[in-house]
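The values are calculated or read from the model by the stated rules, or taken from the named source; none is laboratory data. This one's a predicted model, so the numbers in the text were calculated from it and none came from an experiment. As a convention, Cβ positions derive from the backbone with ideal geometry for all residues, glycine included, and neighbour counts pool all protein chains shown. SASA here: full protein model, heavy atoms, side chains in, ligands and nucleic acids out. Shrake-Rupley method; radii C 1.70, N 1.55, O 1.52, S 1.80 Å.
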Amino acid sequence: MRILLVEPPSYRFAGVNWNAFHLGLGYVAAVLREAGHNVSILNANLPMSATQKATPYQPDLMQELYYAALNNPQHTVWQEIREQITLFRPDIVGLTMKLPDFEAGQLIAREAKRMFLECVVVAGGPATSTGLDTIMREDAIDFGVLGEGEETVLELVRQIESRGQDWSNIAGLAWRKEGTIVRNAMRARIDDLDRLPYPARDALLLPVGAGQSQVSDLMGHIISSRGCPYRCAYCANHTVWGSRQVTYRSVPKVVE
């Protein structure tokens with residue numbers, strides 16, 4: 001299947017230059033690729049032209065800039081997103097969202113459905129685990145993935161590909177039944193991160209005219225563990241992961 005994984009452009013709309021590869025999408029892309037699917041990652045926070053200049057950082061105007069861009073369908077970012085969806089022709093669009101990304105994410109979901117009526121839209125990321133009711137109120141979003149996404153997404157894609165209709169046995173999945181949000185049982189944590197392939201960094205759709213040095217700028221961080229043993233009042237970590245368990249990659253795998 002053709003699967004387009006998207007990071008919404010909230011940073012870029014607000015004038016923040018966030019040149020980072022999204023590791024969560026990289027891991028999901030790698031697992032889906034291993035299963036034989038055609039997967040690309042669209043980081044809408046990155047200009048799709050190497051000649052575009054980043055918006056100057058203006059902290060006092062971030063909210064104003066964000067909503068001005070969000071509500072302007074002719075904004076360069078929306079044009080880029082529509083172009084990439086048109087070129088890729090996805091069977092499935094996967095969105096990763098933090099709560100500040102939701103408004104941009106729901107507009108991408110609607111646009112994908114408008115352009116390709118049969119396209120399935122799946123939402124994941126912290127916002128889905130911490131604010132499921134808000135996410136699933138958007139009719140253009142068909143499924144929500146809770147907690148770690150790799151195994152849940154793979155199982156969901158297999159079911160979609162086989163044209164199955166029973167979503168009740170997919171752990172970690174949220175879906176709708178007769179207009180009511182159904183939240184399946186949480187999936188057990190991946191206890192050994194070495195089971196996962198390395199993130200599919202080459203799945204990232206690159207800006208037109210981007211040189212290798214510009215690509216390398218996006219590749220500067222890794223994840224060696226998941227989870228946190230603490231329960232800070234201000235942090236959603238234990239909600240996202242479903243427990244205070246910490247899991248690790250082995251030292252040789254981190255070095256590699």
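Once region 164-178 is narrowed to residues that are open to solvent by less than 70 Å² (accessible area, probe 1.4 Å) and either free of Cβ contacts under 8 Å to residues at least 24 places away in the same chain or polar (S, T, N, Q) (or both), the residue that is farthest from His37 (Cα to Cα) is Ser168. With respect to the conditions (1) buried (at least 21 other Cβ atoms within 10 Å of the Cβ); (2) more than 19 Å from Ala29 (Cβ to Cβ); (3) touching a residue at least 60 places away in the same chain (Cβ under 8 Å), Gly125 lacks only one, and its number is (2).
Matching residues to (1) assigned to a loop (DSSP other than H, G, I, E, B); (2) among the polar types (S, T, N, Q); (3) under 21 Å from Lys98 (Cα atoms):
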{"position": "Ala140", "(1), (2), (3)": "yes, no, yes"}
{"position": "Leu156", "(1), (2), (3)": "no, no, no"}
{"position": "Gln159", "(1), (2), (3)": "no, yes, no"}
{"position": "Gly164", "(1), (2), (3)": "yes, no, no"}
{"position": "Asn169", "(1), (2), (3)": "yes, yes, no"}
{"position": "Ala174", "(1), (2), (3)": "no, no, yes"}
{"position": "Ile181", "(1), (2), (3)": "no, no, yes"}
{"position": "Arg187", "(1), (2), (3)": "yes, no, yes"}
{"position": "Asp191", "(1), (2), (3)": "yes, no, no"}
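Of all residues in region 55-67, those that are surrounded by 14 or more Cβ atoms within 10 Å (Cβ to Cβ) have Cβ atoms under 6 Å from Cβ atoms of residues that are in a helix (DSSP H, G or I), 6 or more apart or on another chain, in Tyr66/Phe13. Can you spot a residue in region 152-163 that is in contact with a helix residue (DSSP H, G or I) (Cβ under 6 Å, 6 or more places away or on another chain), at pLDDT 95 or above, within 15 Å of Leu5 (Cβ to Cβ) and crowded, with 23+ Cβ neighbours inside 10 Å? Looking through region 152-163, at least one residue is in contact with a helix residue (DSSP H, G or I) (Cβ under 6 Å, 6 or more places away or on another chain), at pLDDT 95 or above, within 15 Å of Leu5 (Cβ to Cβ) and crowded, with 23+ Cβ neighbours inside 10 Å.
Annotation note: of Leu65, Leu61, Leu25, the sole residue that is in contact with an Asp or Glu (Cβ under 7 Å, 6 or more places away or on another chain) and in a helix (DSSP H, G or I) is Leu25. Taken over region 243-256, the criterion of being outside any loop (DSSP other than H, G, I, E, B) and open to solvent by less than 60 Å² (accessible area, probe 1.4 Å) is satisfied by Thr247, Val254. It is to be established whether one or more residues within region 18-38 are open to solvent by less than 60 Å² (accessible area, probe 1.4 Å) and over 23 Å from Val120 (Cα atoms). Yes: one or more hits. A count restricted to region 227-242 and to residues that are assigned to a loop (DSSP other than H, G, I, E, B), surrounded by 15 or more Cβ atoms within 10 Å (Cβ to Cβ) and modelled with pLDDT under 85 stands at 2.
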